[in-house]
Amino acid sequence: MDSTSTTIITKKQSNHGRRLVLLPLPFQGHINPMLQLANILHSKAFSITILHTLFNSPNPTYYPHFTFLPIPGTANEHLSVFGAENVVSLLMYLNEDCMEQIKECLVRLMLEDEGVVCLITDAQWFATQKVADELKLPRIVHRTSSIASFHSYVAFPSFLETGYFQGFKNDDETKSRALVPGLESLKIKDFSKIFPSNPEASCKVLERMTQGTRLARAVIWNTFKELEELELETLNHGFPNPHFLIGPFHKYFVASSSSLFVQDQTSISWLDKHPPNSVLYVSFGSIAGVEESEFLEMAWGLANSKQPFLWVVRPGSIKGMKEHELFSDGALGKIIGERGYIVKWAPQQEVLAHPATCAFWTHNGWNSTLESICEGVPMICSPSFGDQLTTARYVGDVWKIGVVLENGFERGEIDCAIKRLMLEKEGLEMRNKVMNLKEKVNFCLKKGGSSYSSLEDLVGYILSF
Ligand code: UDP
């Protein structure tokens, strides 16, 4: 950009309105909280423009009060999101190949009468910090995960560099249970699986994300102070920018859909037929996948537990298996019998809030974990990669509101975990603990509560730009 256009932008900004530009990452677990954040800020009289990729584009019809601006050239139909490896290469593509288009979109918006007060991007759009600096546009980062998992991301590259994981094997019981120095809630076996494939490329992404977060004006977190007080303290040492903990976002308003998949409402009518606290809900979110053999272990574990279950089997989530193959020979039906109900995608927040739901077998994506906490539902944890490992460990060992499956997918362990959670005293204790957190959530969002106050501070902070 030349100096003339910089001058024009500066002038326009002096009579700016209250427009915020929000840039979500094009994954379900990132689009949901960003659009929830947009709704929250809209309720504080900001006008909202959503800048988005054409790939995994959010549906604007559910948000007539926002302006949607697609980033040209981002409709690559070859992009797909499946597993850790894919996510890392997609992040590199987004941050390396889309910056020129994003910059052009921002310049256009800044030149309009309304101007732009500030850019809010997902932390994983780290390269936008340079663009924002060039445009002299304040950038705030939105972290869609917990503070605890952010700490593990910050630490991961230096552990890799010092050879911490070298020679480590998962079947080395003693070492695998050893706690990670400086991150004492984590075990080395969790840490080594954060980015199982191509850790070097993952480290580059993590380092750039960390740097982009450090340079941002502030960070907005979809978490709440009562849940992560100690983690916040540590964060303040390494990242002195202001942090606004205003979550859980989805509790501010009745759910408005930002689902990329069609939600099967028969999930609710099926739950309606069951007594309170009797059903296990099973879902591994929008990216995680399992091998065919793991899927069969899951089915046997569920069947052997003899508890009713609602199971989300997302098309394409079983590696190497086509959807029609799943039911073709009737084998799966024979295993799960009458107790199980399978859907492709569920209205998850409604399912978790349903009185029949007793427990949630989850991959511990941050949204799923928060949604479970907010409804007082204890968890069985099967993390796959990334932040899920840290979150699962916190659910199991720190907050003590769930059971981590320590050995992957093994029918005996699955059956045992389901019974522990749904039938035994231990499960009741976990339910009491998670109900306690649910109450804290309700309190933190009320006037005077921590998230309520932090949101007020955030609004004041943005208006000070
Ligand atoms: N979700 C849903 N229906 C499903 C499974 C998931 O609506 O059948 C939603 C869920 O409520 C959550 C999001 O998809 O808001 C998944 O985000 P999360 O961070 O848990 O996992 P990710 O998909 O990013 O791995």
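Quick query: amide H of GLY402 versus all other amide H atoms, modeled in the peptide plane; which residues come in under 5 Å with a sequence gap of 5 or more or a different chain?
MET379
With the contact rule set at Cα under 8 Å and sequence spacing of 6 or more, what percent relative contact order holds for segment 177-304?
15 percent.
Report the local net charge at PHE443: Lys and Arg +1, Asp and Glu -1, summed over other residues whose C-beta lies under 13 Å from its C-beta.
Taking every Cβ under 13 Å from that of PHE443, the sum is +4.
Determine the dipole magnitude for segment 273-409: charges of +1 sit on the beta-carbon of Lys and Arg, -1 on that of Asp and Glu, nothing else is charged, the reference point is the Cα centre, and the result goes in debye to the nearest 20.
260
Starting from the 7 Å offset along Cα-to-Cβ, what nm value, one decimal, do you get for the label separation of ASN277 and GLU294?
Modelled inter-label distance: 3.2 nm.
Angle between the Cα long axis of helix 147-161 and the longest principal axis of the chain, 0 to 90 degrees, nearest 10?
90
Cα to Cα, under 26 Å, and not fewer than 8 places away if on the same chain: which lysines meet these conditions relative to LYS187?
Result set, ordered by chain and number: LYS169, LYS175, LYS204, LYS225, LYS400, LYS419, LYS433.
So what is the relative contact order for segment 38-160, in percent, with contacts set as C-alpha pairs under 8 Å and at least six apart?
Computed value for segment 38-160: 16 percent relative contact order.
Can you list the trypsin sites (Lys or Arg not before Pro) in segment 421-465 that are in a DSSP coil and have 12 or fewer other beta carbons within 10 angstrom?
LYS446, LYS447
Could you grab the relative contact order for the chain? Cα pairs under 8 Å, six or more apart, rounded to a whole percent.
For the chain, the relative contact order is 16 percent.
For the chain, take the longest principal axis of its alpha carbons; what is the angle in degrees between that and the long axis of helix 425-444, to the nearest 10 within 0 to 90?
Orientation of helix 425-444: about 20 degrees from the principal axis.
Taking the 0 to 90 degree range and rounding to the nearest ten, how far is the long axis of helix 292-305 tilted relative to the main principal axis of the chain, both from C-alpha atoms?
So the helix axis and the longest Cα principal axis differ by about 60 degrees.
When only DSSP loop residues count, what GluC sites (Glu not before Pro) in segment 95-186 have their Cβ near at most 13 other Cβ atoms within 10 Å?
Counting only loop positions with at most 13 other Cβ atoms within 10 Å, the GluC sites (Glu not before Pro) in segment 95-186 are GLU112.
Assuming R0 = 60 Å, can you tell me the calculated FRET efficiency for the pair HIS237 and ASN304, based on Cβ-Cβ distance, to the nearest 0.05?
Once rounded, the FRET efficiency stands at 0.80.
For segment 121-131, take each phi angle, set θ = phi - 60°, evaluate the Karplus expression 6.51 cos²θ - 1.76 cosθ + 1.60, and give the result in whole Hz per residue in order, putting x for glycine and proline.
Those phi angles translate into 10, 4, 4, 6, 8, 5, 5, 6, 4, 5, 4 Hz.
What are the residues whose amide H is under 5 Å from the amide H of ILE342, where those residues sit 5 or more places off or on another chain and H is modelled from the backbone?
The answer is TRP311.
Give the share of C-alpha pairs in each 20 angstrom bin for the chain, from 0 to the last occupied bin, in whole percents, shortest bins first.
Binned Cα distances yield the sequence 24, 57, 18, 1.
Kindly provide the chymotrypsin sites (Phe, Trp or Tyr not before Pro) of segment 240-306 that DSSP labels as loop, not H, G, I, E or B, and whose Cβ sees at most 15 other Cβ atoms within 10 Å.
Listed in order of number, the matching sites are PHE253, PHE261.
Determine the gain in length on full extension of the stretch GLN211-LYS425; use 0.36 nm per residue of separation and subtract their C-alpha separation, reporting nm with one decimal. Walk me through the intermediate numbers first.
Numbers: separation 214, 0.36 × 214 = 77.04 nm, distance 4.56 nm.
Working it through step by step, the gained length comes to 72.5 nm.
Explain nothing, just compute: Karplus ³J(HN,Hα) = 6.51 cos²θ - 1.76 cosθ + 1.60, θ = phi - 60°, for every residue of segment 417-422 in order, whole Hz, x for Gly and Pro.
5, 4, 5, 4, 7, 9
None of the figures in this text is laboratory data; all of them are computed from the coordinates on show. Since this is a predicted model, take the numbers as computed values, not measurements. With ideal geometry, Cβ positions are generated from the backbone for all residues, glycine too; neighbour counts draw on all protein chains shown.
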